[in-house]
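The values are calculated or read from the model by the stated rules, or taken from the named source; none is laboratory data. Just so it is clear, the structure is predicted and the values come from calculations on it, not from any experiment. Here the Cβ positions follow ideal geometry from the backbone for every residue, glycine too, while neighbour counts run over all protein chains shown. Side chains are part of the model used for accessible areas, which takes the heavy atoms of the whole protein and leaves out ligands, DNA and RNA. Shrake-Rupley method; radii C 1.70, N 1.55, O 1.52, S 1.80 Å.
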Amino acid sequence: MKTKLPNFLIVGAAKSGTTSLYHYLNQHPEVYMSPIKEPRFITAQFVKYPLRLKKEKCVIEDFEEYKKLFKHVKNEKAIGEASVDNLYYYEESIKFIKKYLRDVKVIIILRNPIESAFSNYQMLVRNRGEHLSFEDALNAEDERKKLHMIYGCGWHYKSLGFYYKQVKAYLENFSQVKVYLYDDLKNNTLGLIKDMYEFLEVDASYEPDLSYKYNVGGIPKNKFIYNILFVKPKLLKGFIEKVSKIFLLEEKIYKLAEDLKARYLTKQQMKPETRDYLKNLYREDILKLQDLIKRDLSHWLR
């Protein structure tokens, strides 16, 4: 029997709620999501990812391996995955999406690039991938780009947020593209999800469990405890995975882990002068973007 491949993709943007979307969609009986949220297969065709990610099975390079992610598809109408690097690397990504998946449906969700950059920074701080202040990290971005095998696009705090060209390219190259805002996900989660179900042509009356927020941002209140519990918990992780298969659904275990993680995180505040700098940096791009997607984004610049 021929393996089915994705007929839709969540292509980004990073730190815009894609993890939550992945889990909400995954609950729907007519939707099949790749067991690896971000296989990065498309970008792996042209981006040289660090060996560490490949060993951890966070990057799927081979098409046969990619197809195996969907071997358990049954009668689901919508089949998808959520590799957010695809939006940032739009120029090459689009070529390879068309090569392997043809004219798939595309979902894009965008967050205020100022907030997204800061959230991305906090994620890397808590995962011990960032040791500079936010301001120093912004200044170091151009130099870090030259060291791409050490600092991947996750450290491109400023560059990731120039959405206009990224979104425009997808709108021009695919026949069915839906653009959402992170603001909608926060303020009307169920409405957004139901609209997404309609876009994917699955039963829109289905109501997922929206009680959990996934991949919550922040930095550790206590780095030592957080590192023990979440950054290097290999033995604990292996034990939890075995127990979850016996006693609980995997999704419930994931929710419990996310809830526990959130308890150990606290929100940082961006310096006002840094926020003003980023507002000026993104202003022109945001104004062009709002005309493109026909949504008022003036609140991003307040």
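Cross-link list LYS71/LYS98; LYS145/LYS194; LYS146/LYS178; LYS37/LYS271: which exceed 29 angstrom alpha carbon to alpha carbon?
Numbers: LYS71/LYS98 21 Å; LYS145/LYS194 39 Å; LYS146/LYS178 33 Å; LYS37/LYS271 33 Å.
Cα-Cα > 29 Å for LYS145/LYS194; LYS146/LYS178; LYS37/LYS271; rest within.
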Ignoring ligands, DNA and RNA, what percent of the accessible area of the stretch 85-139 is carbon or sulfur (1.4 Å)?
46
Taking amide H atoms as placed 1.01 Å from N in the peptide plane, list the residues 5 or more away in sequence, or in a different chain, whose amide H sits under 5 Å from that of ILE79.
ASN7, PHE8, TYR32
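For the stretch 1-142, what class follows from the C-alpha gyration tensor (a ≥ b ≥ c being the square roots of its eigenvalues): rounded when a/c is under 1.5, otherwise prolate if a/b is larger than b/c, else oblate? Before the final figure, lay out the partial values.
Working: a/c = 1.97, a/b = 1.67, b/c = 1.18.
Prolate is the answer for the stretch 1-142, as a/c is 1.5 or above and a/b outweighs b/c.
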From a point 7 Å beyond the Cα of ASN173 in the direction of its Cβ, which residues of the stretch 265-302 have a backbone N at a distance under 20 Å?
289, 292-293
In Hz, Karplus ³J(HN,Hα) per residue of the stretch 75-86 (6.51, -1.76, 1.60; θ = phi - 60°; x = Gly, Pro):
10, 4, 7, 10, 10, x, 8, 9, 8, 6, 5, 4
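Which value does Rg/Rh take for the stretch 124-220 over its C-alpha atoms, Rh per Kirkwood? Each step should come with its number before you reach the end.
Values: Rg = 18.0 Å, Rh = 16.8 Å.
Checking Rg against Rh, the ratio lands at 1.07.
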Got a sec? Charge dipole of the stretch 18-78, +1 on Cβ for Lys and Arg, -1 for Asp and Glu; which of TYR32, PHE63, PRO50 is way out at the positive end?
PRO50
Would you kindly state how much longer the chain becomes between GLN45 and LYS71 on full extension, computed as 0.36 nm times their sequence separation minus their alpha carbon distance, in nm to one decimal?
7.2 nm
At 1.4 Å probe radius, can you tell me the per residue accessible area of the stretch 1-127 in Å²?
41
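Do any trypsin sites (Lys or Arg not before Pro) in the stretch 75-161 lie in a DSSP loop with no more than 10 other beta carbon atoms within 10 Å, and if so, which?
Working: sites: LYS77, LYS95, LYS98, LYS99, ARG102, LYS105, ARG111, ARG126, ARG128, ARG144, LYS145, LYS146, LYS158; in loops: LYS77, ARG102, ARG111, ARG128, LYS146, LYS158.
Of the trypsin sites (Lys or Arg not before Pro), the ones in loops of the stretch 75-161 whose Cβ has at most 10 other Cβ atoms within 10 Å are ARG102, LYS146.
With a ≥ b ≥ c taken as the square roots of the eigenvalues of the C-alpha gyration tensor of the stretch 53-94, please select rounded if a/c is under 1.5 and otherwise prolate if a/b is larger than b/c or oblate if it is not?
On the way: a/c = 2.28, a/b = 1.30, b/c = 1.76.
Oblate, since a/c reaches 1.5 and b/c is not below a/b.
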Segment LYS267-ASP209, extension gain: residue separation times 0.36 nm, minus the distance between their alpha carbons
18.4 nm
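Please state the charge dipole magnitude for the stretch 1-89, taken about the Cα centre, from unit charges on C-beta atoms (+1 on K and R, -1 on D and E), reported in debye and rounded to the nearest 20. Don't skip to the answer; put the middle values down first.
On the way: 15 positive and 10 negative charges, 36 e Å.
About 180 debye.
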